[in-house]
Each structure stands twice: as C-alpha cells, then as structure tokens.
Amino acid sequence: METNPLSLRPPTSALRWFALAIVALAGAGMLASVLVLTRVPGVASALDLDPALATRSLVVHVNLATGVWFFAVLAGLACLAETFGPSGEGPVTVAVIGVVVFLAAAVSPAAAVLSDYVPVLDHPAFFVGLATFAAGVAFDVVRPRAFTSDRWLPREVRYGVRAAGYVFVIAMATTAAAYLCRDPTATPAARYQHLFWGGGHVLQFAATAAMVATWLFLFRNAVGVPALASTITAIVFALLVAPAMLGPILVLTRQSPAAFTSLMEVGIFPAVVLVVVAGASTARRHGRPSDLHWPVQPIAERGLIVGVGMTLLGFALGAAIRGDTTLTPAHYHISIGAVTVSFMTTLLVLLPRFGAPLSHPRLAMWQPVLYGGGQTVFALGLAIAGFWGSSGRKLYDASQHVMASAERIGWIVAGLGGLLAFAGGIAFIALVVGSTRRLMTT
C-alpha cells in the first residue's frame with residue numbers, strides 16, 4: 001500500500017521509478033564510454049572496435065538515456081506530486097518488464113536503424129518493450145490522484161509535472177497517428193523516421209516541461225521562495241502544452257516534417273526564456289538566503305545555474321546549425337545534458353528528505369558542475385568540428401572522415417569532455433548508492 005504523503009517515507013512507487021531511472025542512466029553511461037572511444041580519432045582502430053558495435057550501442061544508449069531515464073524520473077515525480085491510493089506499484093512493474101524486453105532485443109542480430117529522436121533495432125521485441133514501458137509511464141503520469149500535498153513538491157512544481165505528463169501522452173498519441181498513416185512500402189529507415197519524427201518532437205516538449213518543473217523545485221530550495229507568480233507559471237506550462245496538442249493533427253493531416261521543427265521553435269524557446277527572465281528577477285529581489293539547509297541550498301543553486309546555462313547554450317548552438325554537420329549533435333547533447341543535470345540535482349536534493357543523508361556532501365555540491373561541465377566541453381568539441389564542416393553525425397570511426405586539424409582538435413576536445421561527463425555520472429551513481437544504504441535498510 002502507498003504511504004500517505006504526510007508521513008516521513010516517500011511513496012514506494014516513486015522510489016521504484018527513481019531506481020529504474022538510475023539503473024537506466026548507469027547503463028547508458030557505460031554505453032556512452034563505447035561511443036566516446038569510437039569518436040576519438042585513431043582510438044577505435046587501435047582497439048579494433050567494430051563500427052556495428054558502436055551503432056548498436058548508440059541505439060540502446062539513446063533509449064536508456066532519453067527514454068527510460070527521462071520519463072522514469074517524470075513518473076517518479078508524478079508519484080511524489082500527488083500520492084495514489086492502494087496498489088500504486090503496478091505501472092512501474094509494467095515499465096520494468098518493458099525495459100527488459102527491449103534490452104533482450106539488443107542481443108539479437110536485428111539491424112540498427114538510426115531514426116531521429118528514437119533510434120531502433122528492427123525487431124518486434126524492441127517495439128513491444130518500448131510500448132510496454134511507455135504504457136507504464138503514461139498510466140502513472142495521468143491517472144487520478146487520491147491526495148495532494150506540499151510534503152514533497154510545492155504546488156508550482158506539481159503543475160509542471162502534470163503538464164509534462166499530459167504532453168508525454170500526447171507524444172504517444174502522435175506516434176500512434178504516425179503508425180496509422182504509415183507507408184507499408186517504405187524502407188525501414190523511412191518507415192521509422194516517419195513513425196518517430198512527430199512523436200519525438202513532442203517528447204521534447206514533455207522533457208522540457210519536466211526540466212522546467214525541476215528548475216522551479218531547485219529554485220525554491222536555493223532561494224526559499226517560488227520562482228514565478230502563479231499566473232506566469234500557468235502561462236509557461238500552457239506555452240509548452242498547447243503547441244504539443246497539435247502533434248497528432250499535424251500527422252493525420254500529413255503536414256510537412258518541417259512543421260514539427262517550427263512547432264518546437266515557437267513553443268519551447270519562449271517558455272524557457274520566460275522562466276529564466278522571471279526567475280532571475282525574483283532571485284535578484286530576494287537574494288541568497290542564509291537560513292536554508294546546507295548542503296541542499298548550494299547543491300540546488302549550482303545545479304540550477306548549470307542546467308539553465310546549458311539550455312541557453314543549446315539554443316545558441318541550435319541557431320548556428322547550417323546543414324548536416326556535428327553542430328546538430330552538439331546542440332542535441334547539450335540540450336539533453338541540461339535535462340539530465342537538472343534531474344540529477346533534483347534527486348540529490350530529494351535524498352535527505354527521503355531519509356537518506358548525502359554520503360559525501362561536498363562531492364554532491366560539485367557533481368552537477370562536473371557532469372554539466374563535461375557535457376558542455378563535449379558539445380563544444382562537436383561544435384568546433386562542425387564549424388569546420390565535420391559531418392557524419394550518425395557515423396562512427398570507420399566511416400568518419402576527419403580532414404582538417406581543427407576538426408581533429410574538435411573531436412579530441414569532445415572526447416575529453418565525454419570522459420569528464422562520464423566521471424560526473426559515476427559520481428552521481430556513487431552518491432545515490434552511498435546515500436541510500438540507510439533508506440534501503442529501514
């Protein structure tokens with residue numbers, strides 16, 4: 001049975017969602033090390049790494065890092081936002097089964113198809129697993145709630161979590177609409193690109209709404225007051241939900257794929273800028289409080305600054321994209337890195353409230369900087385290579401042509417940044433494992 005939100009222990013379903021998210025992040029991190037090695041000139045050939053291994057690793061890495069990690073955290077926050085009645089652990093069990101099924105497909109000889117947003121393995125088990133995981137998440141983020149309390153998340157954060165949950169379901173509906181409009185004669189590459197193009201764009205709205213919700217949570221813990229007035233909070237999340245609602249319509253009316261790109265440009269940027277400007281104004285008025293809990297306050301402050309900074313840099317890199325160069329993955333990686341560091345910091349801030357004091361508080365204060373800094377260096381390395389025309393954003397060492405010295409420098413910088421981010425990820429996992437020993441034994 002779920003715990004009443006007024007008790008000291010968080011809902012079991014939330015803890016299980018967060019555990020699934022952290023395991024997925026750890027798996028994605030291990031696969032990322034393979035990808036980093038294949039991106040550094042000469043390393044893959046020296047280690048005799050099979051390019052096909054990198055491609056398959058990429059498929060699983062992306063689905064773990066931007067699918068399971070992102071939306072398992074969202075589902076966990078939904079369980080904290082408004083606690084359910086009895087029998088609330090079924091959805092997370094369904095999601096775990098889905099992850100196991102799609103990982104089982106990874107050991108099959110199925111071909112990897114690098115469709116945008118959701119790369120896939122062309123095997124039925126892979127799609128059954130993804131759909132099962134999505135069903136578990138969808139059930140927990142939209143089903144009716146029994147209680148509402150500020151015990152774990154303040155009201156403005158709950159608004160954001162609910163908005164992100166609605167957009168997640170809209171993304172699933174957009175993908176279903178694309179399936180109904182599929183071309184049975186298309187090649188696998190064209191078929192899966194069509195299937196996930198629209199839904200993948202809508203998922204960016206869901207991830208952004210969830211990230212903004214965690215920013216509001218971190219701001220409250222860093223400054224001690226809400227970042228936004230209630231009216232502005234409503235406007236921000238309306239700006240993120242309203243455009244996403246057009247997703248299924250754009251697919252069913254067979255609009256150009258560029259329509260989704262335009263939708264994301266006009267929907268995400270204004271909402272994020274409004275949050276940043278309004279939050280900065282609030283912080284300037286109230287200043288830094290001296291009576292908030294240590295080390296939660298500096299952890300929240302640093303994680304918030306890193307997440308916001310990475311997001312704004314991601315916007316700048318996105319605006320600089322011209323053609324098919326590595327500027328595209330530079331923009332993509334720093335953007336998803338911003339979501340990840342915001343989620344990591346939120347979980348670090350929540351751990352003491354869950355009865356799990358941070359095992360190494362000073363490491364926790366620097367972990368967002370280490371991970372976020374590494375991801376930023378990685379993205380800037382890709383940007384350097386992209387500015388010099390380096391292409392192959394979906395290719396790996398054997399197919400990668402590094403011509404100019406500046407391109408080579410860019411790839412080396414990216415490799416170093418990837419290693420720093422990997423170290424930041426290890427630090428996060430170590431902090432969670434070390435801090436939850438007490439929680440697991442109670």
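Fewest first, what order do 343, 315, 354 take by the number of other Cβ atoms within 10 Å?
With the fewest neighbours first, 343, 315, 354 line up as 315, 354, 343.
Got a sec? How would 181, 79 order by Cβ neighbour count within 10 Å, fewest to most?
Ascending number of Cβ neighbours within 10 Å: 181, 79.
Which angle from 0 to 90°, rounded to the nearest 10, does the C-alpha axis of helix 230-244 make with the longest principal axis of the chain?
30 degrees
By count of other Cβ within 10 Å, fewest leading, how are 77, 114 ordered?
Listed from fewest to most nearby Cβ atoms, that is 114, 77.
Return the sequence-ordered ³J(HN,Hα) values of the range 159-165 in whole Hz as given by the Karplus equation 6.51 cos²θ - 1.76 cosθ + 1.60 applied to θ = phi - 60°, using x for Gly and Pro.
Per-residue couplings from phi come out as 4, x, 5, 5, 4, 4, x Hz.
What per residue convex hull volume, in Å³, comes out for the range 241-361 when only alpha-carbon positions are used?
142 Å³
Show that you can apply the helix-only estimate: for the chain, add -39,500 (n - 2.57) for every DSSP H stretch of four or more residues, divide by all residues, and state [θ] at 222 nm to the nearest 500.
-24500 deg cm²/dmol
Students often check this: by mean Cβ neighbours within 10 Å, which of 268-281, 61-74 ranks highest, and how do the rest follow?
Packing proxy ranking, top to bottom: 61-74, 268-281.
In whole Hz, what ³J(HN,Hα) sequence does the range 270-277 give by Karplus (6.51, -1.76, 1.60; θ = phi - 60°), x for Gly and Pro?
x, 5, 5, 4, 4, 5, 5, 5
Per residue of the range 343-357, what does 6.51 cos²θ - 1.76 cosθ + 1.60 with θ = phi - 60° give for ³J(HN,Hα)? Whole Hz please, x for Gly and Pro, Karplus curve as stated.
Once θ is set to phi - 60°, the couplings for the range 343-357 become 5, 4, 5, 4, 5, 5, 5, 6, 3, x, 5, 7, x, 10, x Hz.
If the chain were replaced by its equivalent ellipsoid, with semi-axes equal to the square roots of 5 times the Cα gyration tensor eigenvalues, what would those be, largest first, whole Å?
Its equivalent ellipsoid spans semi-axes of 32, 25, 22 Å.
Of 296, 325, 348, which is farthest towards the positive pole of the chain's charge dipole, taken about the Cα centre with +1 and -1 on the beta-carbons of Lys, Arg and Asp, Glu respectively?
Comparing the listed Cα positions along the dipole, 296 ranks first.
Angle between the Cα long axis of helix 405-435 and the longest principal axis of the chain, 0 to 90 degrees, nearest 10?
The angle comes out near 30 degrees.
Where a number appears in this text, it was derived from the coordinates with a stated rule and is not lab data. Since we're looking at a predicted model, the values are computed, not measured. So basically every Cβ, Gly included, is an ideal-geometry build from the backbone, and we count neighbours across all protein chains shown.
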